[in-house]
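Below is one structure; the comments refer to it alone.
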Amino acid sequence: MSFFEKGPVRIHYEEAGSGFPLLLIAGGGLNSNISGITGAYPPFNAIKEFGNEHRCIAYDLRNAPPGQSSGPLEIDRPWDSHTDDQLALMDHLGFEKFMVLGFCIGGPLIWNLIKRAPDRVVAAVLAMPSGSRPEMRDLFYNNNMAGWAPELTKRRPDITMEQAEKFLTRMYRTDPDFVFTVTRDFVRQCQTPVLILPDDIPAHPYAVAMESALLAPNAEVSLFPWKEPKERVPLAVRQIRSFLRAHRPAS
């Protein structure tokens with residue numbers, strides 16, 4: 001495990017495996033951290049599954065209380081501040097182009113990453129992507145005000161609950177639609193190959209995942225459900241592996 005610093009930001013990350021770089025974004029919302037890739041949270045261990053063909057990079061999201069990454073709480077640009085960290089980490093490691101696989105909050109983060117750096121993201125896998133339900137617009141705001149914000153302010157006395165509330169308002173309430181970070185028009189015009197593995201829980205709406213898959217011109221979608229029964233998970237992993245192989249640039 002290593003640390004990378006850029007200005008006031010300090011990112012904790014882990015590398016494993018060899019091959020074309022694959023950035024891994026753990027689930028868990030704003031508590032996203034490396035243990036979400038290697039531990040019990042995901043349906044499979046992405047480093048174990050793909051490290052034999054890819055240089056896997058997992059990291060703790062900035063200001064995730066269970067992790068070790070830290071930096072300013074950028075109230076006016078919450079999503080972009082996280083994308084800054086991802087691109088800076090790839091720069092630090094010397095990876096001009098890379099693939100990305102993200103769970104949960106990784107969905108909105110991946111769309112923002114493609115928007116910001118379309119020439120660098122070769123292909124993307126969105127597993128159980130987060131999205132906005134019309135009947136539950138404040139779900140993420142409420143969950144994070146109850147969970148993430150109190151834990152963050154406990155760890156960081158320099159951050160107040162008022163600041164955390166403003167950050168979450170900008171992140172989840174200012175444009176509480178679709179995938180939060182991009183518009184349907186953007187997805188409709190996006191040329192980046194994406195593989196979407198839908199889920200269907202309040203934070204991971206099936207309808208939004210499928211709408212994204214139908215809109216994106218170079219999208220593929222997994223079988224559904226793919227996590228249950230558990231015997232289906234290896235099939236989903238094989239599909240991800242085939243997708244990554246198909247879009248991996250020749251060495």
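Details
- Only one of the numbered conditions (1) out of contact with any helix residue (DSSP H, G or I) (no Cβ under 8 Å at 6 or more places or on another chain); (2) within 19 Å of R133 (Cβ to Cβ); (3) open to solvent by less than 10 Å² (accessible area, probe 1.4 Å) is violated by F243, and that is (2).
- For region 84-109, a residue qualifies if it is more than 23 Å from R155 (Cβ to Cβ) and β-branched (V, I, T), and exactly one does: V100.
- Candidate set: region 38-63, residues that are free of Cβ contacts under 8 Å to residues at least 60 places away in the same chain and touching a Phe, Trp or Tyr at 6+ places or on another chain (Cβ under 9 Å); chosen: the one farthest from V237 (Cα to Cα): D60
- S242 vs. criteria among the small types (G, A, S), farther than 12 Å from L126 by Cβ and modelled with pLDDT of 95 or more: yes
- Matching residues in region 153-183 - criterion: being without any contact (Cβ under 8 Å) to a residue 40 or more places away in the chain, acidic (D, E) and not in a helix (DSSP H, G or I): D158, D175
- Restricting the first member to region 88-105 and to residues that are in contact (Cβ under 8 Å) with a residue 60 or more places away in the chain and closer than 22 Å to F3 by Cβ, and the second to residues that are open to solvent by 10 Å² or more (accessible area, probe 1.4 Å) and aliphatic (A, V, I, L, M), the beta-carbon pairs closer than 7 Å and six or more apart or on different chains are F98/V122.
- Against the conditions (1) part of a strand (DSSP E or B); (2) touching a helix residue (DSSP H, G or I) at 6+ places or on another chain (Cβ under 6 Å), I57 satisfies every one except (2).
- Flag if M210 is in a helix (DSSP H, G or I) and in contact (Cβ under 8 Å) with a residue 60 or more places away in the chain: no
- Whichever residue in region 114-155 is buried (at least 19 other Cβ atoms within 10 Å of the Cβ) and out of contact with any strand residue (DSSP E or B) (no Cβ under 8 Å at 6 or more places or on another chain) and, among such residues, is nearest to V182 (Cα to Cα): K115
- Every residue from region 213-233 that is open to solvent by 70 Å² or more (accessible area, probe 1.4 Å) and either among the aliphatic types (A, V, I, L, M) or outside any loop (DSSP other than H, G, I, E, B) (or both): L214, E220, K230, E231, R232
- Odd one out for D158 among (1) surrounded by fewer than 13 Cβ atoms within 10 Å (Cβ to Cβ); (2) touching a Leu at 6+ places or on another chain (Cβ under 8 Å): (2)
- Selection of region 190-201 for residues being assigned to a loop (DSSP other than H, G, I, E, B), of a type outside the set (D, E) and within 17 Å of the chain's Cα centre (by Cα) yields T192, P193, P198.
- Hey, F186 in contact (Cβ under 8 Å) with a residue 60 or more places away in the chain and either aromatic (F, W, Y) or surrounded by 22 or more Cβ atoms within 10 Å (Cβ to Cβ) (or both) or not: yes
- Annotation note: Cβ proximity below 9 Å between a residue of region 2-16 that is outside any strand (DSSP E or B) and a residue that is among the small types (G, A, S) and modelled with pLDDT of 95 or more (sequence gap 6+ or interchain) occurs for G7/G71; P8/S70; P8/G71.
- Selection count, region 41-81, where residues are of a type in the set (V, I, T) and open to solvent by less than 10 Å² (accessible area, probe 1.4 Å): 1
- Leading residue by the ranking (nearest to M1 (Cα to Cα)) among those in region 29-40 that are open to solvent by less than 40 Å² (accessible area, probe 1.4 Å) and modelled with pLDDT of 95 or more: I34
The values are calculated or read from the model by the stated rules, or taken from the named source; none is laboratory data. Source: prediction; values computed, not measured. As a convention, Cβ positions derive from the backbone with ideal geometry for all residues, glycine included, and neighbour counts pool all protein chains shown. Note: areas computed on protein heavy atoms with side chains; ligands, DNA, RNA excluded. Shrake-Rupley method; radii C 1.70, N 1.55, O 1.52, S 1.80 Å.
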